[in-house]
Ligand SMILES: Nc1ncnc2c1ncn2[C@@H]1O[C@H](COP(=O)(O)OP(=O)(O)OP(=O)(O)O)[C@@H](O)[C@H]1O
Ligand SMILES: Nc1ncnc2c1ncn2[C@@H]1O[C@H](COP(=O)(O)OP(=O)(O)OP(=O)(O)O)[C@@H](O)[C@H]1O
Ligand SMILES: [Mg+2]
Ligand SMILES: [Mg+2]
Ligand SMILES: O=P([O-])([O-])[O-]
């Protein structure tokens, strides 16, 4: 599989504090890559560096390179709105806008210039189908998204991200606040999605990583300790620290 | 041992909801009685009925009798301030007043009319010694009680309760928020206290009940299922539900 | 996904860029207008007022024979208004807040009282002035006097005291109440020894805000407290205390600016009022910050 | 309720004799309220009175003659002040005249005119003349500045010039000082104000009326026709407090004449 | 003790009831006597004329025009400034501007009146070549400035309360900061911003002293550059000397003003309640 995202010697500081240390990591296209590691090790930070959401944090400093489709996301020629359109993100807490379901999905396309009602209708249906939510909400598209259940809201957020036709989907603990049923549905969905999209997930749930990811990267204290096919990481990790973590000895 | 507190056919409703159902329970003097049972079964409610702290909750209705020293605590001739003085209470979360350690202890005696400095000094020292806290705080009696550690604060609350010379001490999960070290100290203290006081505790910690109580009462869904010597309840309970609970089958 | 399409749609479309630029421009423009206004109002008052604040102005009464102007009586009148108003409004307001948070059982009554206080907050000063003049000056026979002014201001300030006190009473942990009651304390004893001391910050904030309102009030005072410019000896006799009339600083500003065309004096008073406002705001935010820490 | 509640007496023997021959010392507060034309006169009287009765504080609130009369009727002050005489409809109070005062017709110093007839004045205010050039002034609109309806000055001015309810004001101001300030700042304005407040003020120009300049002499001898009385208004029913009575007695005695004249009005005490 | 606190608690209600009843009892007779139509829709106010006329339409319209004008100017500027403070300004800049806005909010209204009459009125006279600058226009400007601080701080609070997650979601979809602010944050804060507007309306319609100093106070039918009287200043300018029917009519004006304020209060309450839900 060709690499779509690649970190090269990536360092990141929040003010004085270094949160990422010389990260080198390749993420292949159309696969699910899981980032695991104990709390505070820098998983979210890495994820948010890919689509430059860290720009919002005052005092962030980045060195090294983060390549998307071969181009450094921090190069001046890259427009962040374009970047973020190509790289969708789903957050830990479902965060639908306080608008109707329809408007939530149409938000992105509208921003990017799609105005025609018929086109929008089509995108909304397609995205909701893509997020396996269409059947549940097709009768109440004009109702507020806040009325959905937690799991539905999270799938809505996935649909919203799909509506702008990204290449990559970043998901930061996107199922950790959900009940097992909803989690299962979203995991199924991810498996479905990887046919068309590159998916990067952060999870604290070792079983989840083992269940659905193709490759797993283990982070510790800002360093990327080990990366490899998920089977291998979980069965025969090379690094002692990875083994300790996976077997539950710390974290 | 003579009985000091006795519930007779006690019913209690919060609005429409019945929280205690026909409770009959005798609590003997100078012993530690433990109330156990799953969350929401009415342990706290029972405890707070003894010193009428439930009066604070709007819409509470009580039927049946709660006798203290032979007299119904709900009879009009009983003055609640007198009752609460005779029956001290220690809460789950340590709740010292935002005043000096000295003023915390002196608070109760002052209410009840003790004004003389020398008398107060004596009470403060005695109560703090009684709560095994004197040595730790004797040099900073004028400092704020908020500066003490959690365990010290809880012992301060016990000392504060002792300062009004009660007969009975009610303790509602008074160690559940503490570290094991502090818990141990307070358990020792309870064993010490039962020489002079009747102690009633609510606990979720089965080991704790087994370790320190003389008698144990098991509550379930507002009913008092079984009461007896602690050894017996924990080894050969009569009721199937008690056995299930103690062996961890529910709760 | 087609790579060429990436290249084409990479930069912001021109309509998006325009939207961005125009709104951003408007934002900065409006913020600049506000800032300029701030600078102008504050600067203008200080530039025109500060040079005329002299010791003589602050320490004398006006004289027609000598043709001099002093605002000492107005300063003293303002202090009278603040002190007398607070002495009355504070117990009432704190009492009402205590009732609402500690005693009230009837939800409807609480809602009614809260609605009433909010309503009072919204009533324009001129209506307070009208009702105050009728009721206190005329019906109670107080004449246009500082006492009548203070009583009117009691109605004006009571919602502030109630609200801030209530807010801080609500932050007193329930566990303090339980602890006190479990020791056999009566309710009033508990309130006096534990609840009120713990919410002293809110009460102080309320006082500061009330002082701000009193110092800034004019419409409600013009018709209830009169415009006297001479020094009153309030403590000379009960009569003096009850029925001296007089202008507060704000009313004096109005009189000097409108009726006497003494603009320098008016601006000097304006600068003094501005400094007072600054001090009051500062004090309120300091106490407020302390409140948050607890 | 006007007088009775208003004052306490240190010396209980309150006299109603005329002059305040420095005999007894009284104490108390006297609130006066009303005519803004009387501001200068009252200011001087208050200060003069303070010297002989240091225990009495007299407060002055300038809110217009109408307010003074209403205040005296309703007891919101001890002594009302009015720069006009009481009307028949105003009952329950009586007037005590302290001085006479001219109503000066004032324009901006930039205005080239210096004399007007009563008729011209009336026309300027009732809207018949709308441009100064019609009577030989600059080519500029006439800005007529008036007083509020309760003003004694307005009452005097309108009744003497025969313009009651006819005036077209650009601006209705509530005090003498405001009128002066407004005329001083507007080159096309014309207004009317108490002579006592206008004398010695270089920011405005007082016109002669029918060739007669307003002054103490012309007011006293009646040749300056736009004039009226300065009155104290006191309640009929309730007696004044000792302190208030002492003030009234002194202010209407010859002892106060010099102060009244010094303030620009014409004393009437003999 | 409980009874005493109860009494204190009742006092606030007592005050409001007292004021309302007082205004109704003293305000209705004049409306009755003048006739409600003549009173509310009469265009001429001549309370002391030989044949007095008590039509308050000029005051009502002036108050409405003045308030609308102030809102039209004050709300956009205030809202935009609040957006700037909440979302764009650097923390340092915000920490300077915010206290200054608070200061503006605390300045007594006579001070605004003073600046208005000393700076604005002459400037308007010059700029528009008017015989006299005191006018509805000046009143509108002064009111707009006076309501600015409350609009800024209330809408800033509302904007700040918008969950950060909404903004993150929008940015992650490729929206720009400005798009995010105006398409997500502002709509999410809309009820708070509406509350700010209503609060501004209440302030503007109730202000008396400042506009007394800049509006000229003649009972004309309103037009932008003529001297006008508001409901508040109508009460203020004649209150001191009115008697008889004239005085009762002033109560009636106050009653009308009070009704306006009550409507605004109820609106504000509902908006704030809605926000809590
Ligand atoms: N905005 C910030 N400012 C300063 N430090 C931050 C910020 N965000 C994160 N950090 C720090 O950077 C380090 C990495 O944080 P990050 O959120 O990436 O960890 P994580 O692996 O996602 O942890 P978790 O599993 O708890 O989400 C942590 O030490 C954290 O405290
Ligand atoms: N103030 C109240 N109003 C209404 N219902 C209440 C109130 N307090 C308790 N309850 C209800 O009464 C029942 C008994 O509650 P109680 O607090 O006595 O249980 P508990 O045994 O102490 O539980 P836990 O172990 O969780 O403390 C519960 O169902 C609870 O929901
Ligand atoms: Mg994280
Ligand atoms: Mg409990
Ligand atoms: O203020 P006046 O003297 O004109 O009533």
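Every number here is computed from the coordinates shown, using simple stated rules; none is lab data. All values reported here derive from a predicted model rather than from experimental measurement. All Cβ positions, even for glycine, are placed from backbone atoms using ideal geometry, and neighbour counts span all protein chains on display.
Observations on the structure shown:
- The Rg/Rh ratio for segment A:1-134 is 1.01, where Rg is the radius of gyration of the alpha carbons and Rh is the Kirkwood radius.
- Using equal-weight Cα scatterers in the Debye expression, the normalised intensity of segment D:56-209 in log10 at q = 0.08, 0.11, 0.19 Å⁻¹ is -0.24, -0.44, -1.14.
- Surface/4 estimate of mean projected area, convex hull on alpha-carbon atoms of segment A:101-200, nm²: 6.1
- Whole-angstrom gap from segment A:141-172 to segment E:216-237, using each part's C-alpha centre: 56
- Segment D:110-166: Cα Rg divided by the 2.2 N^0.38 Å rule of thumb: 1.15
- Computed over segment A:122-162, Cα set: Rg, Dmax in Å: 9.0, 25
- C-alpha long axis of helix D:176-185 to longest principal axis of chain D, angle in °: 30
- Position residue B:184, label points 7 Å along Cα→Cβ, spacing to each other copy in nm (shortest first, one decimal): 4.6
- Separation of segment C:80-159 and segment C:176-197, taken as the distance between their Cα centroids, equals 28 angstrom.
- Between 0 and 90°, nearest 10: helix D:242-251 axis offset from chain D longest Cα axis: 50
- Residue of D:70, D:61, D:91 that the Gaussian network model of chain D assigns the largest fluctuation, springs spanning Cα pairs under 10 Å: D:91
- Diffusion coefficient of segment D:183-270 by Stokes-Einstein, Kirkwood radius over Cα pairs, 10 °C, 1.306 mPa s: 103 µm²/s.
- Take residue A:58, move 7 Å from Cα toward the beta carbon, and the resulting point lies 4.4 nm from the same point in each other copy, nearest first.
- Shielding value for E:244-257 is 2, the average number of Cβ atoms from other chains within 10 Å of each residue's Cβ.
- The Cα center of segment A:53-121 and the Cα center of segment D:220-261 differ in position by 84 Å.
- Where both bridge residues fall in the protein assembly as shown, DSSP classifies roughly 60% of the beta bridges as antiparallel.
- Ratio of the Cα radius of gyration of segment E:33-162 to 2.2 N^0.38 Å, where N counts its residues: 1.39
- Measuring nothing but alpha carbons in segment C:1-120 and taking Rh as the Kirkwood radius, the Rg to Rh ratio lands at 1.34.
- Share of Cα-Cα pairs in segment E:175-277 lying beyond 17 Å, as whole percent: 65
- Rg(Cα) / (2.2 N^0.38 Å) computed for segment E:60-276, rounded to two decimals: 1.16
- Highest mean first, the peptides E:173-179, A:188-194 sorted by other C-beta atoms within 10 Å per residue fall in the order E:173-179, A:188-194.
- Once the Kirkwood radius over Cα pairs is known for the protein assembly as shown, the Stokes-Einstein relation at 20 °C and 1.002 mPa s delivers a diffusion coefficient of 57 µm²/s.
- Per-bin percent of Cα-Cα distances, segment B:142-251 [5 Å]: 2, 10, 20, 21, 16, 14, 9, 4, 2, 1, 0
- Over segment B:165-222, volume per residue of the alpha carbon convex hull, in Å³: 98
- Under the shape rule built on the C-alpha gyration tensor, where the axes satisfy a ≥ b ≥ c, chain D is prolate, since a/c reaches at least 1.5 and a/b is greater than b/c.
- Where only C-alpha atoms are counted, convex hull volume of segment C:56-293 per residue in Å³: 146
- When every Cα-Cα distance of chain B is counted in 5 angstrom steps from zero, the calculated P(r) takes the values 1, 6, 13, 17, 19, 16, 13, 8, 4, 2, 0, 0 percent.
- Tilt relative to chain A, helix A:150-162 - C-alpha long axis, 0 to 90 degrees, to 10: 90
- What separates the residue B:125 label point from its copies, with the point 7 Å along Cα to Cβ, is 8.8 nm, written shortest first.
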